[in-house]
Amino acid sequence: MSESRLVVALDITDRERAIRIARSLGKNVFAIKINWPLVLAGSGSVIGDIAKISRVVCDFKIADIPNTNSIIARFARDQGAWGIISHSFTGLESLRSVVEASGDMKVFSVVAMSHPGADLINGNYERLMDISERAGVYGYIAPGNRLSDLSKIRKRTMKMIMSPGIGSQGGKAADAIKAGADLVIVGRSIYESADPLAAAEAINAEIAKAADLP
Ligand code: BMP
């Protein structure tokens with residue numbers, strides 16, 4: 001089986017349930033994405049616990065001054081996270097501080113978003129990508145439910161793109177992959193499913209078909 005291109009967002013506040021779902025998904029995911037709900041409900045050590053099961057992407061959408069950003073990134077790195085998500089609109093120095101504090105941990109910057117009302121950020125994706133390039137990010141977050149934005153972003157970069165907005169927000173994994181996403185991020189459609197593993201397998205199959213993989 002080729003490696004999964006699915007990143008599962010565990011936006012829940014029950015630590016044991018999160019670990020149970022992560023275990024059940026096993027190799028059927030590329031990574032588990034952890035956001036504030038899970039960390040605030042327990043402690044940051046949940047990052048380390050899930051990092052023993054899967055790659056972890058810390059979706060902290062960092063948007064502060066360089067010093068504070070560095071402290072957050074270093075914490076995630078020390079817990080064993082594989083990647084971290086940062087905003088880029090706070091400017092070059094702020095984003096660069098995340099990259100520098102991250103060491104081997106991969107930094108993904110948000111250059112467009114999936115929700116209604118994201119026009120301010122989405123209308124500035126070119127500037128945000130320029131800042132991100134200069135800061136040395138590893139990849140981008142771009143919406144999988146706004147295909148024309150995603151395609152434009154893909155045309156400007158060869159870097160890894162992770163795309164949310166799939167399922168509950170209306171996007172389709174296959175369309176996002178065809179528009180240039182390397183990975184799709186899916187939350188509710190998996191963790192709210194009665195059978196998260198079956199839901200993940202169905203999305204993996206859809207992606208494999210779209211990407212014409214064996
Ligand atoms: P869901 O599939 O339940 O809509 O979850 C999507 C996940 O991706 C959430 O964790 C959300 O915070 C994140 N996300 C998003 O939905 N849109 C963006 O533009 C950026 C995100 O990180």
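We did not get these values from a lab; they are worked out from the coordinates using the rules stated. Remember, predicted model here, so these are calculated numbers, not experimental data. Every residue, glycine among them, receives a Cβ derived from its backbone with ideal geometry; neighbour counts consider all protein chains shown.
Dividing the Cα radius of gyration of the stretch 51-205 by its Kirkwood radius returns 0.97 for Rg/Rh.
Counting only GluC sites (Glu not before Pro) that DSSP places in a loop and that have at most 15 other Cβ atoms within 10 Å, the longest clean stretch of the chain runs over 4-191.
The trypsin sites (Lys or Arg not before Pro) of the stretch 16-60 that DSSP puts in a loop, and whose beta carbon has at most 16 other beta carbons within 10 Å, are Lys52. The distance between label points at Glu93 and Arg134 comes to 1.3 nm (points 7 Å beyond Cα on the Cα→Cβ vector).
For the residues Arg15, Arg156, Arg96, a GNM of the chain with alpha-carbon springs under 10 Å puts the largest fluctuation on Arg156. With the simple model of a label 7 Å out from the Cα in the direction of the Cβ, Trp36 to Ile53 spans 2.4 nm.
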